[in-house]
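Notes to accompany the following structure.
The values are calculated or read from the model by the stated rules, or taken from the named source; none is laboratory data. Worth saying up front: this structure is predicted, and the values here are computed from it rather than measured. Neighbour counts run over all protein chains shown; Cβ positions are idealised from the backbone, glycine included. Just so you know, the surface numbers come from the protein's heavy atoms only, side chains and all, with ligands and any DNA or RNA stripped out. Shrake-Rupley method; radii C 1.70, N 1.55, O 1.52, S 1.80 Å.
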Amino acid sequence: AYKKVSMAEIGGKNIEQGLTFLGMMGMIDPPRPEAIGAVQKCLSSGIRPVMITGDHKATAWAVARELSMITKDSRILTGREIDDMSETEFVNCIDDVAVFARVTPRHKLKIVKALKKKNHVVAMTGDGVNDAPAVKEADIGVSMGIDGTDVTKEASSMILMDDNFASIVAAVEEGRIIYDNIRKFIRYLLSCNTGEVLTMIWTTILGLPLPLLPIQILWMNLVTDGLPAMALGIDPPERDVMDKRPRAKNESIFSRRLGQMILWRGFLISIATVTTFMLTNAFSDGNLIMARTAAFSTLVLAQLIFVFECRTEENRGLGQNPFSNLYLVFAVTVSVAMHLAVIYVPFFQPIFQTTPLDARMWMMISALAGLSAIF
């Protein structure tokens with residue numbers, strides 16, 4: 001709006017009266033486009049995003065609605081309403097609140113404490129000096145790397161170098177991938193080692209000769225186990241990695257039946273290996289070198305089949321596209337080549353006490369190694 005005035009009228013009491021209307025301007029700080037997708041990822045993965053802002057109640061609610069953060073049961077609280085509540089009332093209602101508007105830094109600290117009392121794992125973002133107490137109190141304090149103050153950065157455990165909420169969600173996804181790959185790695189190595197140990201135990205109980213020599217066990221652990229295990233550590237994520245509920249912070253690495261799966265698979269591998277050893281020893285008229293070579297090969301082949309099962313904890317391990325992890329395919333190929341070299345290259349045969357196997361032997365080895373996976 002405007003009006004024409006003389007120099008004498010400037011600063012007078014009526015300077016803003018009698019103006020001629022020209023137009024209206026509105027300002028908005030819209031959410032970034034990637035933030036909408038990040039919020040949806042949070043919701044699908046069991047993470048509840050909560051907006052805490054100093055803006056007006058209506059403004060905050062409109063932005064939250066644009067981000068699809070609110071449902072029909074969601075509530076919005078202002079700082080004044082928080083002050084009017086008792087601590088018990090506030091803690092009891094906090095799970096229903098999606099937006100906190102017109103809040104001050106002390107309200108942020110109160111919100112974090114209330115969420116922790118409800119046994120939530122809380123991540124809190126902040127940039128100003130006054131945000132530092134709430135960021136420090138949270139389980140995961142997140143500060144802004146661009147606009148954040150040094151005090152807040154020092155109090156935080158995570159700094160966003162791009163000040164982007166989507167980066168937090170990306171970090172959660174990467175963390176889940178790493179954790180899943182650690183479980184795959186542990187599942188594979190411990191199952192294989194359990195199979196080796198049980199193989200030695202069964203033959204000892206049955207009064208049979210040792211089915212594996214120390215150098216053969218060492219070769220398996222260094223080569224045929226080691227290379228595929230390392231490839232599992234960089235396995236690409238499963239499609240539903242962000243559709244799973246968060247794990248409990250005190251959850252054991254062997255939870256969700258991982259310990260049972262390790263023991264069961266190790267048991268099956270050992271049964272296949274001992275059966276091969278006994279059958280070969282019987283049909284080869286006590287040729288111990290051939291029986292050990294067959295048992296050695298069964299154990300290696302069963303483990304290399306099993307590594308593809310370990311790519312997922314669902315019942316679809318062998319149904320996945322094996323070429324989605326070319327490192328694993330390469331590692332298994334190298335392991336197979338090195339194992340065959342130990343059996344068929346004359347230089348290695350006296351070192352590893354092996355002998356060449358014919359096609360019929362390989363058919364039996366493949367059947368027993370494969371049956372443990374099918375069963």
Give me the residue from the range 116-135 that is more than 15 Å from Val50 (Cα to Cα) and outside any loop (DSSP other than H, G, I, E, B) and, out of that set, nearest to the chain's Cα centre (by Cα). Lys117
Out of (1) open to solvent by less than 50 Å² (accessible area, probe 1.4 Å); (2) assigned to a helix (DSSP H, G or I), what's the single condition that is false for Lys153? (1)
Just to check your reading of the model, which residue among Leu19, Leu43, Leu67 is touching a strand residue (DSSP E or B) at 6+ places or on another chain (Cβ under 7 Å), of a type outside the set (Gly, Ala, Ser) and modelled with pLDDT of 90 or more? Leu19
Got a number for residues in the range 237-277 being of a type outside the set (S, T, N, Q) and not in a helix (DSSP H, G or I)? 18
Unique residue being assigned to a loop (DSSP other than H, G, I, E, B), among the aliphatic types (A, V, I, L, M) and open to solvent by 50 Å² or more (accessible area, probe 1.4 Å) when the list is Ile234, Ile159, Ile201, Ile215: Ile234
Residues being open to solvent by less than 50 Å² (accessible area, probe 1.4 Å) and within 18 Å of Asp127 (Cβ to Cβ) - total across the range 164-183: 5
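I'm trying to understand the selection: among the residues of the range 93-114, which are in a helix (DSSP H, G or I) and open to solvent by 20 Å² or more (accessible area, probe 1.4 Å)?
Answer for the range 93-114, where residues must be in a helix (DSSP H, G or I) and open to solvent by 20 Å² or more (accessible area, probe 1.4 Å): Asp95, Asp96, Pro105, Arg106, Lys108, Leu109, Lys110, Lys113.
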What are the residues in the range 237-249 that are open to solvent by less than 40 Å² (accessible area, probe 1.4 Å), of a type in the set (D, E, K, R) and closer than 21 Å to Asp139 by Cβ, if any? none
Just the residues that are in a helix (DSSP H, G or I), open to solvent by 60 Å² or more (accessible area, probe 1.4 Å) and without any contact (Cβ under 8 Å) to a residue 12 or more places away in the chain, please, taken from the range 338-361. Leu340, Pro350, Ala359, Arg360
Would you please list the contacts, defined by Cβ atoms under 7 Å and residues six or more apart or on different chains, that run from a residue in the range 300-315 that is part of a helix (DSSP H, G or I) to a residue that is of a type in the set (Phe, Trp, Tyr) and open to solvent by 10 Å² or more (accessible area, probe 1.4 Å)? none
Can you find, within the range 58-92, the residue that is farthest from the chain's Cα centre (by Cα) among those that are among the polar types (S, T, N, Q) and within 23 Å of Ala38 (Cα to Cα)? Thr59
